[in-house]
Amino acid sequence: MLVPLEHVIALSAVIFGIGVIGAVTRRNVIVILMSIELMLNAVNLAFVGFSRAWANPGGQVFVLMVITVAAAEVAVGLGIVISLFRNRDSVDIEEVSLLKW
Amino acid sequence: MVDTAAAATDTTLLRWIPFLPLAAAAVHGVLLGLVRRPLSRRGTIFLSCGAVLASFLISLFAFAELLGPEGPRVRVDNLYTWIGAGKFSAEASFLLDPISAVMILVVTFVGFLIHVYSIGYMDDDHRDDKGFQRFFCYLNLFTFSMLMLVLGDNLLVMFLGWEGVGLCSYLLIGFWYSDRWNAYCGMKAFLVNRIGDFGFLVGIFILFWALADVGKPTVAFREIAAAFPQIADRMVTLPAWLGGAQWKLATLVGLCFFLGACGKSAQIPLYVWLPDAMAGPTPVSALIHAATMVTAGVYMVCRLSFLYAAAPGASAVIAWTGAITAIFAATIAITQTDIKKVLAYSTVSQLGYMFLAAGCGGYAAALFHLATHAFFKALLFLGAGAVILAMHHEQDTDKMGGLARAIPRTRWVFLIGVLAISGIPPFSGFFSKDEILLTAFGAQSIPGNTWLYAIGVVTAALTSLYMFRLYFRTFHGATRLAPENFRRVHEPTETVRYPLYVLAAFSLLAGFVGFPQVYGDWLGIPDSNSLAHFLAPVLAGGVHDPGVSHGEELRLALFAICAATGGLLVAWWLYLRSPELPGRIMQSFHAFWRLLHEKYFVDEVYDALFVRPTVWISDRVFFRFIDAGLIDGIAVNGAAHGVQALAARGLKYAQSGLTQSYLFLMILGTVAIVGWLLR
Amino acid sequence: MSAGAVLFYLFAGFTILASLGMVLNIRNTVASAMSLVVAMISLGAIYVLLDAYLVAAIQIMVYAGAIVVLFLFVVMLLNLRTDVFPVARSRLPKLLGIALSGWGLWVFLRLLAGTLPAISPAPEGFGGFRELGKALFTRYVLPFEVTSFLLLAAIVGAVILAKRRID
Amino acid sequence: MPDLGVLLKLLFMVIVVMAALLPVITWVERKQSAVMQDRIGANRADIMGIRAIGLLHPLADVLKLFGKEDVVPLGANRWMHLMAPVIALIPGIITLAVIPFAGVYDFGSGPVSMVAADLDWGMLYVFAVGSIATYGTVIAGWSSNSNWGLLGSLRGSAQMISYEVTMGLSIVGLFMCFNSLKLQEIAQAQDTTFRVFGFLEAFGWVHALPRWVSVVKLPMWGILLQPLGFILFLTCIMAENKRPPFDVPEGESEIVAGYHMEYSGMRFGLFYTAEFLEVPVIGMIVTTLFLGGWTIPWLSTQKIIGGLTGVLGVGAATGLCFLLHVLSFFLKVIAMIWLQMQIRWTLPRFRYDQVMDLCWKIMLPLSLANVFVTAIAILALQRLYR
């Protein structure tokens, strides 16, 4: 193998961290969804790395599952975004704070 | 001693005996409870009676199978492992040995007859449309439970049936629940039985604890019997709050089990529920509260005979309790006027006889009397039921008299029953009661066994006295009915009458299965007491030898006959010859008469001692203070109010509605966990 | 250092830069989306380097080809030229969150060193569609089916949500 | 590091396509439209009076486009606006890398596969790359700050995503038949023939069949195994290319020029090139998948080489065979290009909703049905022949 597994996992961790930061700090709902996608990708990378390390296809199978789930999530999430935009004319997530005391 | 722990033939026949009635009951229950479409009368009859008849036939077959080959007469039908925990495993399995064979025959046969009888008896019950099917549903359920009880291979299955019959008795006593009094009686029966069941359970626990202590954790009868000698003689120290005395384990366990028997079989001090149980329909009184369920205690004592044989103390207690109960109930019965009450007290008294025999070691005698009593007492109850039907649900003998002309058939069968219970030869009661008295007379191991015998004889005299009193007051003398009512008295229908005939035949002949050896020697019949020999292999002590010479035995029998006839004559003199006499006696001994008539005020005493304090405590302390005050007030509502206040003060501000703050908190938690895991 | 390693670190750099670009570009949503695409494609390349060919192809097809296009589609549908939002209500927790996640990341990376097995050369046909297909339809068939149901639910949900009127 | 052979093959493809095919295609497009519309067509461009029936027009176009000013409209996102055409062009070019333009030959130094990158997952690669092409459209329309462009790219993205789904499903059946995703393998698998009524043997009365039954043989081409798949795939991939009749993203009569209306000069030329580049690429893919790729019907490689060896010796025979294969490949490709032209100039533009309905309501179910039927047929045949 070309690089040690640690580096792969480290890369995945870094990407995940970036995704977290994006999800926490950005206020544009769409960008938040993107950040979530980024996190999912980080997880996928970890899966692939491990599945390569142990020569076990299971990890890649689960990557496929994750991709499917991501697609579903995006479809629904963007649907929500659209209806949200229709109602509030904004994609600022802090606009959507009705459900509180 | 039972040595058949290993030698048992497997069979798959037995399971059908209890399960057919269960299936019938289940069908009824589903139709009534879920589908809510009651079956037609014909269908109900066919289903229930058919199920019981089938299980009776199967029982006959199994019995024949059992009689066939010599050797260990034990059949086991193992369904599955009910409870398996480590070394301990309780099988859901049925055991057929001579004891349970006799029991299932009695149960299914009498049960079937009473099912048939109920067709006619419940026919005029129009209190609610579903009543008919509901009644048969309960009857089938009872039959199932009773069969579980007698067929159970281990204490747990037996206990299952034990509770089941208790439940069914509750349901059937309060069958006409619209009447508060019936509901109350059912409740009373249930609660009093609970006390007994408690004793039973404690017995099981102690026994199991001791067996596990010697490395044989089991509840199966035969294994217990095999392992019992190891633990029979060890001493148990009661906890300090029970006096901390040293008890022999066998005695302790035996007494615990006997407490259960007292509850189920209505012995002092727990007999009070049985007379009130007469609130149920008469077939119920006949089946449950005379023939089968109340004898469960006797059955249990015989089933555990190996235990009681090793516990003379417990046996003495049983014998004395039985004797005292017998005479006690008999004296009460003398003054009762309600036809069913009289029979109820006589049942208590006869059960006392059985325990007397069992306590004195005559387990075969006890079972013998159990069987005969099942027949003639069922006969008496059903006859009483016929009378009650004829009288249009009038039970008070003060309003009867001279019915012999109106309902001759009923009168004759009833007479047979009376003769049988009074112990007039050659009716079945004579043989069984005689054997019991003999056993009591010969039981040297029991302190004061001669007194037991004396009590037995006196009770026999009293028995024939009150039974003939009942008979004369019901069927003879001048009628106390208004003429137009008297004209409306009529014979019951066939389905009511034919069971009476069959039972009459059996109460006439059933005695000969236990034909004493004395007369057997006259007629040159070896082993004439076939029942005893049949039961011998599974009973402690085998064929019980009272150790009384033949001449002595004959003299005792003569004595008993004299006592019975004496009672008969007294009754005849008092209630036919000079009917005004009882009134005068009542006047002169009024206080004593009242004492008897009010059943020694036992109910009142119990009410004052136990019921009222319990009710007071549970109402004032447990309900109003603990439940309503502490639990509802402080725990439940208090917690709710506290949480509400907390949330309203500060917690709600955490609910900012900002999705990202939630997300942030989530990440906070995750990071914390990860950090802690990786620390 | 082998050519594969060079490519790996190259694409790793691309990925990180693109992700940062996506997160930090606070003016232009489409630009964020585009940098996300770059990240996806570089990840796909990394998958190729890790012998996960099928996953790489699907990564590019689904993520780059469909999901992000969907993002762009929505952005354009809502016609968000630039997203300038009023001042945020809560900054502190976010910064704290960043710090904490950074710390957690650091701990993780520090503990990562030398804990994982060395990677052996991949067996023949590893990561190919044949092997994965076999695994997917034999051993993991239940998750597969369940995921298909999830997709169905998602389709229905998306349609219902995006409809103008629910009639 | 890629060796020389790979580079050579790639260069061969790129040069052939870009330098030879593209200009010709533009010319053919003009001429064919003219023929079909009963015009003379482009014929005025000349060098010192030599017109060469308009063959110089492509050159003139290129010169003109280079000469024009490259306008970036006001309020546009400059970088993206500049990048979009490149993104649009790249996928078409790099797709060429996996297309086998000839078979596998042994010139004495081991077998050489005549494809730049002989990937196991070649077809997936094609899909992946093709899915990137969407961005060109999307970015172009969005970045050039214009409502027409925005509408165009909206339509474009929706259309391309939708048709990718059906495109993928429509050739699953083919993969089942050839049991591979490797384009070279698919092509080789088609380098043979199959007996039309061969399956009748399975019923055990083949001896009762007339003699000619086992003589009638057809080349094992995808189009013969998967006719429905062929139609679906061709439709989808043409829709991907957004040329008429699927040119709703740039419908001149509705949204002036759609996503590239704000482009001018060579950047527009790049979009233009991209579209025309897609045409031969599509032709190549379809040829490889459905028309037997480089194979020559009824003449398998072994037959050719075996037949010619006696005359020319092995090396020359192989070389000749190679040339023949390349020839047949490009003939088929040109045929496919002509077919696309035909369709492009025959059918009018669909309405947008028609495009979507065609994709989701007609072709997707059809492709699914195709997959099922194929699977069942394959299983049945396996049963019969076992």
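Summary table below
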quantity: Residue within the stretch B:370-380 that is more than 30 Å from residue B:517 (Cα to Cα), of a type in the set (Lys, Arg) and either buried (at least 24 other Cβ atoms within 10 Å of the Cβ) or more than 21 Å from the chain's Cα centre (by Cα) (or both) present; calculated: no
quantity: Check on residue B:457, more than 23 Å from residue B:354 (Cα to Cα) and either touching a Phe, Trp or Tyr at 6+ places or on another chain (Cβ under 8 Å) or buried (at least 19 other Cβ atoms within 10 Å of the Cβ) (or both); calculated: no
quantity: Condition broken by residue A:22, with the remaining ones in (1) free of Cβ contacts under 8 Å to residues at least 24 places away in the same chain; (2) facing chain C (nearest Cβ under 7 Å); (3) farther than 18 Å from residue C:38 by Cβ satisfied; calculated: (3)
quantity: In the stretch B:78-110, the residues that are touching an Asp or Glu at 6+ places or on another chain (Cβ under 7 Å) and surrounded by fewer than 24 Cβ atoms within 10 Å (Cβ to Cβ); calculated: B:78, B:81, B:82, B:91, B:93
quantity: From the options B:668, B:663, B:677, residue that is surrounded by fewer than 13 Cβ atoms within 10 Å (Cβ to Cβ) and under 30 Å from residue C:111 (Cα atoms); calculated: B:677
quantity: Per-region count, the stretch D:73-132, residues part of a helix (DSSP H, G or I) and either more than 9 Å from chain C (Cβ to nearest Cβ) or of a type in the set (A, V, I, L, M) (or both); calculated: 27
quantity: Residue match in the stretch D:40-52 (condition: away from chain C (no Cβ under 14 Å) and either among the basic types (Lys, Arg) or in contact (Cβ under 8 Å) with a residue 60 or more places away in the chain (or both)); calculated: yes
quantity: Selection within the stretch A:4-15 - at the interface with chain C (Cβ under 8 Å from one of its Cβ atoms) and crowded, with 23+ Cβ neighbours inside 10 Å; calculated: A:8, A:11, A:15
quantity: Hey, residue B:101 outside the structural domain of residue B:381 (by TED's automatic domain parsing), touching a Leu at 6+ places or on another chain (Cβ under 8 Å) and under 16 Å from residue B:154 (Cβ atoms) or not; calculated: no
quantity: The stretch C:2-29, residues that are more than 9 Å from chain A (Cβ to nearest Cβ) and without any contact (Cβ under 8 Å) to a residue 40 or more places away in the chain; calculated: C:10, C:11, C:13, C:14, C:17, C:18, C:21
quantity: From D:83, D:160, D:123, D:167, residue being within 15 Å of residue D:258 (Cβ to Cβ) and either buried (at least 17 other Cβ atoms within 10 Å of the Cβ) or among the β-branched types (Val, Ile, Thr) (or both); calculated: D:160
quantity: Filter result for the condition that a residue is part of a helix (DSSP H, G or I) and in contact with a Ser or Thr (Cβ under 8 Å, 6 or more places away or on another chain), over B:445, B:464; calculated: B:464
quantity: Candidates A:61, A:74, filtered to the one that is within 23 Å of residue C:64 (Cβ to Cβ), within 7 Å of another protein chain (Cβ to nearest Cβ) and in contact (Cβ under 8 Å) with a residue 40 or more places away in the chain; calculated: A:74
quantity: Residue C:56, sole failed condition from (1) buried (at least 23 other Cβ atoms within 10 Å of the Cβ); (2) at the interface with another protein chain (Cβ under 7 Å from one of its Cβ atoms); calculated: (2)
quantity: Qualifying residue in the stretch D:340-353 (condition: part of a helix (DSSP H, G or I) and among the aromatic types (Phe, Trp, Tyr)); calculated: yes
quantity: Qualifying residue in the stretch B:66-74 (condition: closer than 17 Å to residue B:155 by Cβ and of a type in the set (Lys, Arg)); calculated: no
quantity: Out of D:24, D:28, D:14, sole residue that is touching a Pro at 6+ places or on another chain (Cβ under 9 Å), of a type outside the set (Phe, Trp, Tyr), part of a helix (DSSP H, G or I) and closer than 30 Å to residue D:84 by Cβ; calculated: D:24
quantity: Residue check, residue D:140 part of a helix (DSSP H, G or I), without any contact (Cβ under 8 Å) to a residue 60 or more places away in the chain and closer than 22 Å to residue C:66 by Cβ; calculated: no
quantity: Qualifying positions in the stretch D:344-386 - polar (S, T, N, Q) and modelled with pLDDT of 85 or more; calculated: D:346, D:354, D:367, D:370, D:374
quantity: Selected residue [farther than 18 Å from residue B:512 by Cβ, in contact (Cβ under 8 Å) with a residue 12 or more places away in the chain and within 21 Å of the chain's Cα centre (by Cα)] from B:362, B:401, B:442; calculated: B:362
quantity: Residue within the stretch B:311-332 that is of a type in the set (Ser, Thr, Tyr), surrounded by fewer than 24 Cβ atoms within 10 Å (Cβ to Cβ) and modelled with pLDDT of 90 or more present; calculated: yes
quantity: Hits in the stretch D:145-202 - residues which are touching a His at 6+ places or on another chain (Cβ under 9 Å) and part of a helix (DSSP H, G or I); calculated: D:149, D:152
quantity: Helices (runs of 4 or more DSSP H) wholly inside the stretch B:546-652 containing at least 3 residues that are modelled with pLDDT of 90 or more and surrounded by 13 or more Cβ atoms within 10 Å (Cβ to Cβ); calculated: B:550-572
quantity: Boolean, residue A:81 is at the interface with chain C (Cβ under 7 Å from one of its Cβ atoms), modelled with pLDDT of 90 or more and at negative phi; calculated: no
quantity: Top-ranked residue in the stretch D:98-116 [being among the aliphatic types (A, V, I, L, M) and in contact with a Phe, Trp or Tyr (Cβ under 8 Å, 6 or more places away or on another chain); ranked as surrounded by the most Cβ atoms within 10 Å (Cβ to Cβ)]; calculated: D:115
quantity: Candidate set: the stretch D:256-269, residues that are surrounded by fewer than 21 Cβ atoms within 10 Å (Cβ to Cβ) and either part of a helix (DSSP H, G or I) or at pLDDT 85 or above (or both); chosen: the one farthest from the chain's Cα centre (by Cα); calculated: D:265
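Here is a yes/no grid of residues against (1) in contact with a helix residue (DSSP H, G or I) (Cβ under 7 Å, 6 or more places away or on another chain); (2) assigned to a helix (DSSP H, G or I); (3) facing another protein chain (nearest Cβ under 8 Å); (4) closer than 19 Å to residue A:63 by Cα:
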{"site": "C:105", "(1), (2), (3), (4)": "yes, yes, yes, no"}
{"site": "C:126", "(1), (2), (3), (4)": "no, no, yes, yes"}
{"site": "C:132", "(1), (2), (3), (4)": "yes, yes, yes, yes"}
{"site": "C:142", "(1), (2), (3), (4)": "no, yes, no, yes"}
{"site": "C:149", "(1), (2), (3), (4)": "no, yes, no, yes"}
{"site": "C:156", "(1), (2), (3), (4)": "no, yes, no, no"}
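The values are calculated or read from the model by the stated rules, or taken from the named source; none is laboratory data. Values in this document were obtained by computation on a predicted structure and should not be read as measured data. Cβ sites come from the backbone with ideal geometry, for glycine too, and all protein chains shown count toward neighbours.
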